[in-house]
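Please treat every number below as a calculation from the coordinates, not as lab data. Nothing here was measured: the structure is a model prediction, and the numbers come from that model. Neighbour counts are summed over all protein chains in view; Cβ atoms, including those assigned to glycine, are modelled from backbone coordinates with ideal geometry.
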Amino acid sequence: MERKLKPLYVQQVLLGKGIRLFSPSDFQRVFGVSLRATQEFVKDHCDDLFQKVRNGLYALRAQAPQEEAIANRLYAPSYISFEYALARYGIIPESVYTVTSATTRITREFIVNNKAFAYSRIKKQAYRGYRTEKIGGQTILIAEPEKALADYLYFVDLKRKTLNERLYVRKVKKKTVMKYAGLFGRKSLMKLVKEVL
């Protein structure tokens, strides 16, 4: 089965389907090959065709996936939030070099190609307020501006993040921020949100 798969063909099929990031099971589904054939092909082409992102997750070298797409797949379930999303929305003026995400799993950090990906755990009832967005032909999950702010302030309230004194909150919907902050069930957070807004 593996002999039928040619590197150029595999690359063309993956690019044609918009797949730049995949797991072995994704590969099996696309090409209809066995797990063993998948593992052998991926292992044989990890230097030229693919790049190992982490165990069980690979990227195409020809067209590397966007860092936001990597963030979503690297540690799931997760959506981009906190400082990275706030910088993207212009709510904080600084550039952010770590892709920050919210997850319901334990807090973790990964380094992929010298890029840091940080995941902070939030309560399951607060795991909402994100949307899909297209970036470079890939669909990503990212917090709405108001949810990114509520997520960030939650960790400021927990004393795990320092409050950025230069938050630009004029364009955010204050009622929406309050609604999302309410999902965390902390009176001190609600007080902090009112002070910031």
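Before moving on, here are some points about what is shown:
- Computed label-point distance, nm, for sites VAL96 and LYS124 using a 7 Å Cα→Cβ extension: 2.6
- Annotation for region 1-65: trypsin sites (Lys or Arg not before Pro) lying in DSSP loop with at most 14 further Cβ atoms inside 10 Å of their Cβ are LYS17.
- Scanning the chain for chymotrypsin sites (Phe, Trp or Tyr not before Pro) lying in DSSP loops with no more than 13 further Cβ atoms inside 10 Å, the longest uninterrupted stretch between such sites is 1-96.
- Evaluated on region 2-60, the Kirkwood hydrodynamic radius is 11.2 Å, with distances taken between all distinct Cα atoms.
- Greater than 28 Å apart at Cα, pairs in LYS123/LYS174; LYS4/LYS115; LYS52/LYS124; LYS134/LYS174; LYS123/LYS191: LYS4/LYS115; LYS52/LYS124
- The stretch between CYS46 and ARG131, if pulled fully straight at 0.36 nm per residue, gains 27.3 nm over its current Cα-Cα span.
- Debye intensity ratio I(q)/I(0), log10, region 101-197, q values 0.13, 0.15 Å⁻¹ (C-alpha model): -0.49, -0.64
- From the largest down, region 75-129 spans 30, 27, 12 angstrom on the principal axes of its Cα atoms.
- Cα gyration tensor shape of region 28-183, rounded if a/c is under 1.5, else prolate or oblate by comparing a/b with b/c: prolate
- For region 102-197, the list of GluC sites (Glu not before Pro) that fall in a loop by DSSP and count at most 10 other C-beta atoms within 10 angstrom reads GLU165.
- If R0 is taken as 35 Å, the Cβ-Cβ distance between LYS191 and ALA64 corresponds to a FRET efficiency of 0.20.
- Mean Cα-pair separation over length for region 2-60, i.e. relative contact order, pairs under 8 Å, 6 or more apart, %: 40
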